[in-house]
Amino acid sequence: MTDRPPMEINVRQSGGVSVLEVHGRLTIGEPAEQLHDALQSVIKAGAKKVVVLLSGIPQIDSSGISTLVRISIKLAREGGVLRLVCGPGRVRDALTVTRLVEAIPTFESESATAFSTPPSLSFYFSAAVSLLDSSSIPLVSSAGADGISSPSCLYCPNPNYTDPARAAKFNGTVIMAVTVSPEGRTIEARVARGAPHGVNETALRAVRDWQFKPAMREGAPVACTIMIEATFRLY
């Protein structure tokens, strides 16, 4: 058996962002555990913006992908955001096939990440569940009606800020009507009030992969429709 070189993880700070440079195979066992421990360490240290550079790894398996998903969920719950950097190749193909690139914003270079742009060109994204008037949506009962509580986010990664929107220094809001199943998954999403520069599509792609704590009625989970407001802001 050929000995594989150990995985190396270098951590550095760049403009308030914790950057982890990963080198070596990210596979089941010690490598995946090593990355998990490194990410946990920066989160415990208070990091809210984390970038993982994957261009130095030749291989990733389901264990490595699972590690990234778990950390992304944990970071999101604590008000933080995870970004990945991975150029074309086998690893990027694996991230695409597993749809991880849709769940966690993934870029081809560190300079392309939102965090590495100057403050005046960076962006802030917020998605707030607003109990707006959804009575005109004849899909299912609306949250707040008939004793139905509103769903709450469990895993709600941010959508990508599109290049045209960034170039136009766009600030705006997309309002979506989203139907959440009793299992807490998005079963339908449509734009109720849109915005230009392709942000409608990125907002819809993001919300379709969100996971919710479902709405409840009389102690049982039920499907319902909510209005989600996604605000894109450059500052």
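We did not get these values from a lab; they are worked out from the coordinates using the rules stated. Not measured: the values here are computed from a predicted model. Neighbour counts run over all protein chains shown; Cβ positions are idealised from the backbone, glycine included.
With a ≥ b ≥ c the root eigenvalues of the C-alpha gyration tensor of the stretch 7-95, is it rounded (a/c under 1.5), prolate (a/b larger than b/c) or oblate?
Prolate is the answer for the stretch 7-95, as a/c is 1.5 or above and a/b outweighs b/c.
With a point put 7 Å past each Cα toward its Cβ, work out how far Arg205 is from Ser152 in nm, to one decimal.
So the two model labels end up 3.0 nm from each other.
When the expected Rg is taken as 2.2 N^0.38 Å, what fraction or multiple of it is the alpha-carbon Rg of the stretch 1-53?
My calculation over the Cα atoms of the stretch 1-53 gives 1.22.
Could you run the Karplus curve 6.51 cos²θ - 1.76 cosθ + 1.60 with θ = phi - 60° over the stretch 205-218 and give me ³J(HN,Hα) per residue in whole Hz, x for Gly and Pro?
The phi angles translate into 4, 5, 5, 5, 9, 5, 10, 10, 7, x, 5, 10, 9, 6 Hz.
Putting +1 on Lys and Arg Cβ atoms and -1 on Asp and Glu Cβ atoms, find which of Ser72, Leu100, Pro58 reaches farthest to the positive end of the dipole of the stretch 8-116.
In the stretch 8-116, that residue is Ser72.
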